[in-house]
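The values are calculated or read from the model by the stated rules, or taken from the named source; none is laboratory data. Since the structure is predicted, the reported quantities are computational estimates derived from the model, not experimental observations. Heads up, the Cβs are rebuilt from the backbone with ideal geometry, glycines too, and the neighbour counts pull from every protein chain shown.
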Amino acid sequence: MRKFGYLRDGLFLAACALYAANRWLIKPVAPGGFFGSWFNDVLLIPCAVPVLLWLERRTGIRRTDVPPTVAEIAFVLVLWSVLFEVIAPRFAARATGDWLDVAAYTAGAVVAALWWNRPIRTSNRD
């Protein structure tokens, strides 16, 4: 079993770079559409899960360095969706609940789960 890289994980680093590029380069010149509304939502799970699991590992809550499990990813997905698409709109005037945001979080979670739990390639040298 390979060790998870946490803050050095390739998907995490790529997602953070894409988030920054979208936030400061793309959205200012193209504020609408997919990049203005949902692209950063797709990147949520790949950006957030490694940080949360790293914190759990550092505090002893997480006792292993295996890649994120489906349950760990789903927990963050459900928690984030409920907090920011159900609860926040009831208390913050600027917040709006949007099922398309949840769909974007879910798409990012599926890609991340597949990436982090992909089979390890081994060479068959004889």
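Numbers for the structure displayed
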read-out	value
Test result for residue 83, touching a residue at least 40 places away in the same chain (Cβ under 8 Å), over 19 Å from residue 11 (Cα atoms) and surrounded by fewer than 14 Cβ atoms within 10 Å (Cβ to Cβ)	no
The one condition in (1) within 20 Å of residue 12 (Cβ to Cβ); (2) assigned to a helix (DSSP H, G or I) that residue 35 fails to fulfil	(1)
Some residue of the stretch 28-41 being buried (at least 18 other Cβ atoms within 10 Å of the Cβ) and among the hydrophobic types (A, V, I, L, M, F, W, C)	yes
Residue that is nearest to residue 79 (Cα to Cα), among those in the stretch 1-32 that are small (Gly, Ala, Ser) and assigned to a helix (DSSP H, G or I)	15
Qualifying position, being modelled with pLDDT of 95 or more, buried (at least 18 other Cβ atoms within 10 Å of the Cβ) and not in a helix (DSSP H, G or I), among 50, 67, 46	67
Set 41, 101, 9: member being under 25 Å from residue 121 (Cβ atoms) and among the acidic types (Asp, Glu)	9
